[in-house]
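The values are calculated or read from the model by the stated rules, or taken from the named source; none is laboratory data. Note that this is a predicted model, so its numbers are computed, not measured. We place every Cβ from the backbone using ideal geometry, glycine too, and count neighbours over all the protein chains shown. Please note that ligands, DNA and RNA were not included when accessible areas were found on the heavy atoms of the full protein model with its side chains. Shrake-Rupley method; radii C 1.70, N 1.55, O 1.52, S 1.80 Å.
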Amino acid sequence: MTSNPAWTNADLHCHSCVSDGTLQPEALAARAKANGVELWALTDHDEIGGQRRAREAAHALGLPYLAGTEISVSFAGLTVHIVGLGFDLDNEALNCGLQATRGGRTGRAREMAAGLAQVGIEGAFEGALKYAGNPELIARTHFARYLVEAGVCSGTNEVFRKYLVEGKPGFVAHRWATLGDAVRWITGAGGLAVIAHPGRYKFSVNEEYALFTEFKAHGGRGVEVVTGSHTGADFLKYADMAIEFDLLASRGSDFHSPDESRIDLGKLPALPARLSPVWEALRERVVLPA
Ligand code: AMP
Ligand code: MN
Ligand code: MN
Ligand code: MN
């Protein structure tokens, strides 16, 4: 390895079965390595329970690693995701904050199941729980997998569209962390906060501007530009926004499962050359192979 690697194929966003992915952290590390990833982060939702396993597996494979998580936040009536990178795993405020954010998931899942029962879909809580590798982290994704198994829909995207988004029977409005808390938990633990897949949120231009402005005011420093959730047009739009807001740019597949994910680990286009990558600011936080 050179003393200053470029890490062009950085993949800093994916999920294991510790949240709503289907693979173990070790299997993800192996897949990242096999796909040519040069710098990797596992970013489970509201949870860092898989971090040590991911870091050790990466280490054994000679793959540089950054600590990661993806925090669920409520902002302007919608759910926004904030990725944290390169933080200290033992930081108490971060661990407490994530624990509190996870805390509401089981009650929410019971309410979702009640909504689904009203349209004749019984047993969805137990069905979804069966798919959750971590019982504290039951997600809509697990409901989607169960509804496919039950024959209600033929694929998870169809389940989301018909049952799990706002206005549909399995949707429950939920209060997640605040934007300020999520950014402070990450930065207070020595990490860098990144707005995840901004192209996915259904915000007005003004709301999106407010998100970026408030995120920066709280100390957030990065935005995902190249992600599996973005179209080519989004790559251009958020590259421009990164420059306008003086944010560092991140890149991550958001890989969840070989059967479900559109983009595999490490298979994204490179970040546009005019952007400053988040990993340049995180060099000291990267866990390098021995
Ligand atoms: P939750 O945190 O329980 O609200 O679940 C959110 C997760 O559901 C996201 O992280 C994605 O993995 C998944 N998801 C959200 N929207 C969709 C969609 N339209 N199609 C498939 N998966 C989705
Ligand atoms: Mn997910
Ligand atoms: Mn997300
Ligand atoms: Mn994600």
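Odds and ends about this structure:
- For segment 1-102: accessible area per residue (Å², 1.4 Å): 34
- The angle separating the long axis of helix 105-117 from the principal Cα axis of greatest extent in the chain is about 40 degrees.
- For the chain, carbon and sulfur atoms together expose 50% of the accessible surface, with a 1.4 angstrom probe and every protein chain in place.
- About the centre of its Cα atoms, segment 1-155 shows a dipole size close to 220 debye [charges on the beta carbon of Lys, Arg (+1) and Asp, Glu (-1) only; nearest 20 debye].
- Remark: for residue pairs K216/K267; K33/K237; K168/K202; K130/K202; K162/K237, the C-alpha separation exceeds 24 Å in K216/K267; K33/K237; K130/K202; K162/K237.
- Degrees separating the helix 205-217 axis from the principal Cα axis of the chain, which is the longest one: 50
- Ligands, DNA and RNA are left out, and with a 1.4 angstrom probe the accessible area of segment 105-164 is 46 Å² per residue.
- Each of E208, E224, E111 has its accessible area taken with a 1.4 Å probe; listed largest first, they run E111, E208, E224.
- In the chain, helices alone account for a calculated mean residue ellipticity at 222 nm of -10500 deg cm²/dmol, with every DSSP H run of four or more residues adding -39,500 (n - 2.57).
- For the chain, a simple Cβ point-charge model (Lys and Arg +1, Asp and Glu -1, everything else neutral) yields a dipole of about 220 debye relative to the Cα centre.
- Taking the square roots of 5 times each eigenvalue of the Cα gyration tensor of segment 105-164, largest first, gives ellipsoid semi-axes of 16, 13, 10 Å.
- Between segment 192-270 and segment 19-42, the Cα center-to-center distance that results, in Å: 20
- Taking the C-alpha atoms only, the angle from helix 51-61 to the longest principal axis of the chain is near 50 degrees.
- Per the Debye calculation on the chain with a single equal scatterer at every Cα and no solvent contribution, log₁₀ I(q)/I(0) for q = 0.09, 0.10, 0.15 Å⁻¹ amounts to -0.40, -0.50, -1.16.
- Within the listed set T178, T213, T141, the Gaussian network model of the chain (springs between alpha-carbon atoms below 10 Å) gives the highest mean-square fluctuation for T213.
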